[in-house]
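The block underneath contains the structure these notes are about, expressed in structure tokens.
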Amino acid sequence: MKVLKFGGTSVGSPERIRNVASLVSSRGKNIIVLSAMSGTTNSLLQISAATEAADTAKAESLIADLEKKYGLIIDQLYSTDAAKATAGGKVNGFFDEIREIVNADDKSRAEKKIVAYGELISTNLMTYYLQESGLNAILLPALDYMRTDANGEPDQEYIRKHLAEILKDNPVADLYITQGFICRDPEGRIDNLQRGGSDYTASLIGAAINADEVQIWTDIDGMHNNDPRFVEGTTPVHNLHFEEAAELAYFGAKILHPTCILPAKENNIPVRLLNTMQPDAEGTLINNVLRHGLIKAVAAKDDITAIKIKSDRMLLAYGFLKKVFDIFDKYATAIDMIVTSEVGVSLTIDNTRHLDAILGELNALGTVTVDSDMVIICVVGDLEWQNRGFEAKALDALRDIPVRMISYGGSNFNISFLIKKEDKKAALAKLSANLF
Ligand code: ADP
Ligand code: ASP
Ligand code: MG
């Protein structure tokens with residue numbers, strides 16, 4: 001059995017839903033994970049924001065717009081009146097539930113509850129459509145098996161056990177449909193795996209059922225060697241090692257959610273990135289085979305803050321770095337890049353929620369300077385240190401761009417540069433020109 005995940009654009013219109021339906025119906029008894037139709041999660045977040053701001057009129061008007069949009073989609077998607085009535089009834093029911101959340105006295109967790117409806121709607125629409133087409137499509141409710149633990153991590157044992165039970169209860173199926181993104185927290189309350197989290201759902205399911213493969217179907221023919229939103233002429237990379245894919249996803253290659261690689265890697269399940277609009281394109285195969293001696297791709301991570309702590313007295317004495325790390329640990333703030341010298345340390349963070357408090361404490365350790373609006377450019381490939389010339393080539397590409405930090409040797413797979421936001425596009429283009 002395989003897990004096939006389709007993102008928002010892939011199910012973004014009645015035509016696309018039909019396209020995905022035909023694609024999945026010829027591929028056997030697999031589990032199909034769907035995102036919300038593109039735009040819906042953003043609309044639901046606007047409804048949540050209005051709800052939390054107690055602007056009920058605005059929330060109601062946004063709900064009416066979205067419900068109208070789905071009315072049109074349903075009208076175009078199904079051919080029989082019976083299917084239109086069944087799907088229409090279900091979706092209207094969902095909108096009534098959203099209205100109840102908006103108007104409830106207790107507005108706690110309104111966002112978590114409201115944002116879940118995007119995936120609930122898309123999966124119901126797809127299931128009805130497949131059923132109308134004569135297939136025995138069974139909907140597996142993600143809220144019955146997808147759960148996080150007390151640390152906010154997926155509860156893999158719970159997921160495995162409950163998904164197996166649900167599958168066992170529904171043996172006679174042509175295929176299964178389920179929601180990406182949504183889950184329950186350890187207390188059983190509705191939660192989610194964060195924006196873009198449907199990829200994570202797919203690999204968690206893959207791990208839970210020990211799938212033959214996890215396929216991430218999207219709007220592009222695999223992982224490209226640079227960010228196609230900023231650089232022209234990028235080309236797909238056909239093979240990536242799990243570690244290379246993880247670095248690219250973490251450092252900004254939006255095609256893959258960063259958390260998605262680990263469950264697949266741990267269970268050695270290949271991940272394939274494929275294009276819904278071009279199903280025959282080769283795409284990208286991610287597994288534990290490393291193609292040696294190649295730089296594979298470049299990615300960029302935005303909204304980075306660099307912090308430099310220059311130690312006046314301690315000169316990186318024993319215990320200095322521990323004190324620095326303890327402060328970030330105390331505020332649960334992850335450090336991305338780090339470089340040290342004899343007199344100081346520079347590091348980067350992307351979560352600035354506790355920046356003021358962190359800076360307040362760092363000031364006691366030395367002179368602190370902060371650069372915001374920075375970007376990490378990450379060059380990924382077989383960058384094992386004995387390989388010659390790759391780091392020089394990457395560095396040479398950036399010869400006209402001011403580089404604030406360089407990190408190399410932290411893994412065998414990447415070299416990272418910290419630059420200013422305004423230099424990002426030029427840096428990506430220059431790296432493509434020099435490396436590929
Ligand atoms: P989905 O909605 O299917 O999850 P996403 O929008 O999350 O799709 O991811 C696909 C998008 O990722 C592509 O349209 C592309 O613009 C962007 N992207 C960024 N970097 C890369 C890359 N290196 N290779 C391919 N796509 C990338
Ligand atoms: N619908 C969610 C989002 O837009 C999850 C996903 O698409 O992966 O972020
Ligand atoms: Mg995505």
Checklist outcome for this item: Between THR367 and LEU72, Cβ-based FRET efficiency (R0 51 Å, step 0.05) works out to 0.25
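I'd like the antiparallel share, as a percent to the nearest 5, of DSSP beta bridges with both residues in the chain. Present the calculation step by step, with values, prior to reporting the outcome.
Details: 41 of 67 bridges.
Around 60 percent antiparallel, to the nearest 5.
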Checklist outcome for this item: Once all protein chains are kept in place, GLU15 shows an accessible area at probe 1.4 Å, nearest 10 Å², of 140
Checklist outcome for this item: Relative contact order of the chain (C-alpha contacts under 8 Å, at least 6 apart) in percent is 13
Next on the checklist: Checking the cross-link filter: which aspartates and glutamates have an alpha carbon closer than 12 Å to that of LYS308, excluding same-chain neighbours under 8 positions apart?
Outcome noted: ASP371
Next on the checklist: Classify region 342-436 from the C-alpha gyration tensor, please: rounded if a/c falls under 1.5, else prolate or oblate depending on whether a/b exceeds b/c.
Outcome noted: prolate
Item to check | Average silhouette area of region 149-294, convex hull of alpha-carbon atoms, in square nanometres | outcome: 10.1
Checklist entry - Nearest 20 debye, what's the magnitude of the dipole of the chain about its Cα centre given +1 on Lys and Arg Cβ and -1 on Asp and Glu Cβ? => result 580
Item to check | Spin-label pair ILE406/GLN278, simplified geometry with 7 Å Cα→Cβ offset, distance in nm | outcome: 3.5
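Based only on Cα atoms, what Rg/Rh ratio does region 168-254 have, Rh being taken as Kirkwood's radius? Mind showing how you got there, number by number?
On the way: Rg = 16.1 Å, Rh = 15.6 Å.
So for region 168-254, dividing Rg by the Kirkwood Rh gives 1.04.
Output the peptides 44-50, 202-208, 132-138 sorted from most to least packed, where packing is the average of other Cβ atoms within 10 Å over each peptide's residues. Before the final figure, lay out the partial values.
Numbers: 44-50: 19.9, 202-208: 27.6, 132-138: 16.4.
So the peptides 44-50, 202-208, 132-138, ranked by packing, come out 202-208, 44-50, 132-138.
Please work out how much length the chain gains when fully extended from ALA433 to GLN156, using 0.36 nm per residue of separation minus the C-alpha to C-alpha distance, in nm with one decimal.
Working: separation 277, 0.36 × 277 = 99.72 nm, distance 4.29 nm.
Extra length from ALA433 to GLN156 when fully extended: 95.4 nm.
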Next on the checklist: Given a 1.4 angstrom probe, I'd like the percentage of the accessible area of region 1-151 that is carbon and sulfur, rounded to a whole number.
Outcome noted: 47
Checklist entry - Using Cα pairs under 8 angstrom and six or more residues apart, how large is the relative contact order of region 71-166, in percent? => result 20
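Would you kindly work out the equivalent ellipsoid of the chain from its C-alpha gyration tensor and give its semi-axes, the square roots of five times the eigenvalues, largest first in whole Å? Write down the numbers at each step before the final one.
Working: eigenvalues 333, 144, 81 Å².
Over the Cα atoms of the chain, the ellipsoid semi-axes are 41, 27, 20 Å.
State in Å² the accessible area per residue of region 227-296; use a 1.4 Å probe, count heavy atoms of protein chains only, and round to the nearest integer. Show your work: numbers first, answer last.
Values: 3210 Å² over 70 residues.
It amounts to 46 Å² per residue over region 227-296.
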Item to check | Structure-based [θ]222 nm, the chain - -39500 (n - 2.57) summed over DSSP H runs of at least 4, per residue, nearest 500 | outcome: -12500 deg cm²/dmol
Item to check | Rounded FRET efficiency, nearest 0.05, which uses the C-beta distance separating GLN194 from ALA64 and R0 of 25 Å | outcome: 0.35
Item to check | Alpha carbon centroid spacing (whole Å) that separates region 348-382 from region 3-29 | outcome: 41
Checklist entry - Using Cα atoms only, what is the angle between the long axis of helix 156-169 and the major principal axis of the chain, expressed in degrees (0 to 90) to the nearest 10? => result 20
Checklist outcome for this item: With the 1.4 Å probe rolled over protein heavy atoms, region 69-131 has an accessible area per residue in Å² of 43
Checklist entry - R0 = 56 Å: FRET efficiency of ASP356 with LEU395, Cβ-based, nearest 0.05? => result 0.95
Item to check | On Cα atoms only, tilt of 81-103 relative to the major axis of the chain in degrees | outcome: 50
Checklist outcome for this item: Within region 21-180, the percent of DSSP beta bridges that are antiparallel, given to the nearest 5, stands at 10
Checklist entry - Cα-Cα over 30 Å: which of LYS5/LYS113; LYS323/LYS393; LYS2/LYS296? => result LYS323/LYS393
Item to check | Span from the region 61-114 Cα centroid across to the region 248-287 one, whole angstrom | outcome: 32
Item to check | Reach of LYS107 by Cα under 14 Å, taken over aspartates and glutamates that are not fewer than 8 positions away in the same chain | outcome: GLU52, ASP55, GLU97
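The values are calculated or read from the model by the stated rules, or taken from the named source; none is laboratory data. A quick note: this is a predicted structure, and the numbers were derived from the prediction, not measured. Don't worry about glycine lacking a Cβ; one is built from the backbone with ideal geometry, like all the others, and counts go over all protein chains shown. The area values use the complete protein model at the heavy-atom level, side chains included, leaving out ligands, DNA and RNA. Shrake-Rupley method; radii C 1.70, N 1.55, O 1.52, S 1.80 Å.
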